[in-house]
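Just so you know, all these numbers are worked out from the coordinates, no wet-lab data involved. Because the structure is predicted, anything quoted here is derived from the model rather than measured. Cβ atoms come from the backbone with ideal geometry, glycine included; neighbour counts cover every protein chain shown.
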Amino acid sequence: MTEKADLPSVDITAVLDRAAAGGRITPEEALVLYRDAPLHALGAAADAVRRRKYAGTEHIATYIIERNINYTNVCVTACKFCAFYAAPKDTAKGWTRDLDDILRRCAETVELGGTQIMFQGGHHPDFGVEYYEKHFRAIKDAFPQLVIHSLGASEVEHMARISGVSVEEAITRIHEAGLDSFAGAGAELLPARPRKAIAPLKESGERWLEIMEAAHGLGVESTSTMLMGTGETNAERIEHLRMIRDVQDRTGGFRAFIPYTYQPENNHLKGRTQATIFEYLRMIAIARLFLDNVQHIQGSWLTTGKDVGQLTLHYGADDLGSIMLEENVVSSAGAKHRSNRMEIIELIRRAGRVPAQRATTYEHLVVHDDPANDPVDERVMSHISSTAIEGGTAHPELKILASN
Ligand code: SF4
């Protein structure tokens, strides 16, 4: 698909009306809408779709409390946009958490009302399937109530290679050990040109999707993500969505789509411009319109800011992701926005919605429909401040991030 030439002439208003009414739009139409539709008209159409999809609960916007446990930063894949990893030979920068440390972080998560663990780290040259089996079993044995929503196709490809097994076997074994669902990690940009430019050692976009499709077939659902703003074209962004939609038509296994923006600090992608907030809002809206087979669209504001996060709720997003008890990956690359539970509740209210804490599978756990019953956060804030500093994390506050 080309960026400008050869695109069919599109009646923007007619396509927006069709999409708002639930009609499917083509990738070519999506590109024209993404590029040329008036911003507010695009957002209004996306919001109409969201309201229809959530008829009866359209007044609610959700968040989740989770902890992102970064188990190692040692990685052989050396993605150019990544400020988190350390090459295996860089022993001064590289670290790995031991199991006791990981279990302590899980215990804190439970104590603070968290329901989900994201186990996220580098592609360690020694970590095969056995490493993940051992850690997931230990977490589930100690905290059966925690949902392990972690990893992605890239980690599966890596651990299967290290252990000399098929990806299907790797998925089955870590699922049996306790993994509940895959995060959309590693999708970055799926089309070949931008993917090679930023992550030349990662599997291809087609392979990423193949592994996700295999996981869905084995009963392990996932989310999907997109990294915006590393130099990809608008056509490549829409192509990324098309690739996800095609797999979703076959599997139905993607629970959500979560775009987030590239953070430019401390990495090897020099001279890239970040996606603007307008591009980000347009992506949220076009994702809601184009991904008619994906239920949840998540607005991220760790990378874009709270005001933008709030706006996403009017451009098609139904969820604002997680209040994270710990996060180091995008923070390492310069993401500076963070908040606590009351702030996210207030932020959602100021957007005209009723906040609800959700489970990994999006059921509402607590609906905050009465401010008199709002949670008291001071204990959570001080507890996290002390433990996070102890653990050496970069930012000792509760943070919100696209939870993947
Ligand atoms: S993004 Fe993940 S796979 Fe890529 S270098 Fe960073 S830690 Fe490694």
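Would you mind computing, in nm to one decimal, how far apart the modelled labels at residue 39 and residue 107 are, each placed 7 Å from Cα along Cα→Cβ?
4.9 nm
What is the spin-label model distance, in nm, from residue 373 to residue 292 if the labels are put 7 Å beyond Cα along the C-beta direction?
Going by the 7 Å Cα→Cβ label model, 3.8 nm.
Could you work out the mean projected area of the convex hull around the alpha carbons of segment 11-164, in square nanometres to one decimal?
That works out to 13.6 nm².
Short version: what are the Cα gyration tensor semi-axes of segment 21-77, square root of 5 times each eigenvalue, largest first, in whole Å?
Each semi-axis is the square root of five times an eigenvalue, giving 33, 22, 11 Å.
By per-residue mean of other Cβ atoms within 10 Å, what is the highest-first order of 139-148, 87-96? Mind dumping the intermediate values first?
Details: 139-148: 17.0, 87-96: 12.1.
Ranking the peptides 139-148, 87-96 by packing returns 139-148, 87-96.
Mind pulling up the Rg/Rh value for segment 12-401? Radius of gyration and Kirkwood radius, both on Cα. Don't skip to the end; give the middle numbers.
Values: Rg = 19.8 Å, Rh = 21.0 Å.
Rounded to two decimals, Rg over Rh is 0.94.
Mind listing the phi-derived Karplus ³J(HN,Hα) values for segment 240-246, rounded to whole Hz, using 6.51, -1.76 and 1.60 with θ = phi - 60°, and x for any glycine or proline?
These are the phi-based 3J(HN,Hα) values: 4, 5, 4, 4, 5, 4, 4 Hz.
For residue 358, which sequence-distant residues (separation of 5 or more, or a different chain) have an amide H within less than 5 Å of its own amide H, given hydrogens modelled in the peptide plane?
Here 63, 64, 65, 365 satisfy the definition.
Between residue 204 and residue 130, with labels modelled 7 Å along Cα→Cβ, what's the label distance in nm to one decimal, could you check?
3.3 nm
Mind checking which aspartates and glutamates have their Cα closer than 16 Å to the Cα of residue 196? Skip sequence neighbours fewer than 8 apart in that chain.
Result set, ordered by chain and number: 188, 206, 232, 236, 239.
Once segment 132-228 is represented by equal point scatterers at the alpha-carbon sites, with solvent omitted, what log10 I(q)/I(0) does the Debye formula produce at q = 0.12, 0.15, 0.17, 0.19 Å⁻¹?
-0.38, -0.58, -0.72, -0.87
Give a residue-ordered list of calculated ³J(HN,Hα) values for segment 47-62 (Karplus: 6.51 cos²θ - 1.76 cosθ + 1.60, θ = phi - 60°; whole Hz; x for Gly, Pro).
For segment 47-62, the Karplus curve yields 5, 5, 5, 4, 5, 5, 4, 10, 3, x, 10, 5, 7, 9, 10, 10 Hz.
Students often check this: by mean Cβ neighbours within 10 Å, which of 242-249, 37-44, 288-295 ranks highest, and how do the rest follow?
The peptides rank, most packed first, as 288-295, 242-249, 37-44.
Residue separation times 0.36 nm, minus the C-alpha to C-alpha distance between residue 166 and residue 279: what's the value? The partial results should precede the final answer.
Values: separation 113, 0.36 × 113 = 40.68 nm, distance 3.87 nm.
Separation in residues times 0.36 nm, less the Cα-Cα distance, equals 36.8 nm.
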